[in-house]
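Structure, as structure tokens:
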Amino acid sequence: MGDEEKALEELAQEVKDCHRCILSERRFCAVPGEGDGHAFLMIVGQAPGEGEDMVGRPFIGPSGHLLRYFMGVAGLSFGDTYRTNLLKCMIPRYSRPKWASICACLPFLEREIALISPRVILTLGKFPAKVLFKLHSLPVPPENRTIPALFGKPYEVQGRVIFPMPHPASIIYNHSLLPDTMEHFRALGRFLQENLTE
Ligand code: SF4
């Protein structure tokens, strides 16, 4: 096992043992990231869902199935990515992440990014977009309702591309978002094909 894999394993164990914020009180499992430790593309969702909480793995529930489908639309292999979440523990259904939990959990995500050093980070939903923009010193829209205007476009900064997307879970609750989401993932595929293939 290489040094990076070992460091990712240690990080995963720290996540599983973490009680830094209030979300540890309701979870069944904390959910560390998983995937290719040398991935070109990292996916950052918001938080695990109930299915993920039961088994301790990210993107294995309904949103994960949709994400696999959308990755196919973009011509990308889900298996070649590294997948993680802004928060490693489930949040109550229909609630928004609290900034206290985001701040407590952020060091884990920062370490994942440092270890994997992905060329492209795909963010899913408003909060991951907001946080990844802040981390890369990109201007963040002042209001949450204007964040969807960022979706489906690349933002290049510090040798990296941040590509914000809607969260697949939003399609489950609002089917009318499907055509735009499909187009955003097609745009991702085109961008990668035109700019980042060797
Ligand atoms: S959400 Fe993050 S900081 Fe909070 S308990 Fe879970 S792993 Fe720890």
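Here, each number is a calculation from the coordinates, and none is a lab measurement. Since the model is a prediction, treat every value here as computed from it, not as a measurement. Here Cβ is always computed from backbone atoms with ideal geometry, including for glycine, and neighbour counts include all displayed protein chains.
Values for this structure:
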item	result
Length released on extending from residue 65 to residue 13, taking residue separation times 0.36 nm less the Cα-Cα span	16.2 nm
³J(HN,Hα) computed for each position of segment 146-157 - Karplus, 6.51 cos²θ - 1.76 cosθ + 1.60, integer Hz, glycine/proline x	8, 4, x, 5, 7, 5, x, 10, x, 10, 8, 7
Stretch gain in nm, segment residue 28-residue 99, where the contour uses 0.36 nm per residue and the Cα spacing is subtracted	23.4 nm
Order of 54, 165 - criterion: other Cβ atoms within 10 Å of each residue's Cβ, fewest first	54, 165
R0 of 22 Å, Cβ-Cβ distance residue 54-residue 175: FRET efficiency to nearest 0.05	0.25
Trypsin sites (Lys or Arg not before Pro) restricted to DSSP loop in segment 84-153 with at most 12 other C-beta within 10 Å	93
Added length on full extension, which subtracts the Cα-Cα distance from 0.36 nm per residue, residue 136 to residue 196	19.6 nm
Cleavage-rule hits (chymotrypsin sites (Phe, Trp or Tyr not before Pro)) in segment 58-106: DSSP loop, at most 11 neighbouring Cβ within 10 angstrom	94
Placed amide H near residue 161: partners under 5 Å, 5+ positions off or other chain	120, 121
Those residues of segment 173-198 whose amide nitrogen sits under 16 Å from the label point placed on residue 119, 7 Å along Cα→Cβ	188-198
Charge dipole magnitude, Cβ of K and R +1, D and E -1 - the chain, Cα centre, debye nearest 20	760 debye
Segment 30-65-segment 89-108 distance, computed between alpha-carbon centres (Å)	15 Å
Order of 84, 146 under a 10 Å beta carbon neighbour criterion, fewest first	146, 84
Segment 3-195: Cα Rg divided by the 2.2 N^0.38 Å rule of thumb	0.95
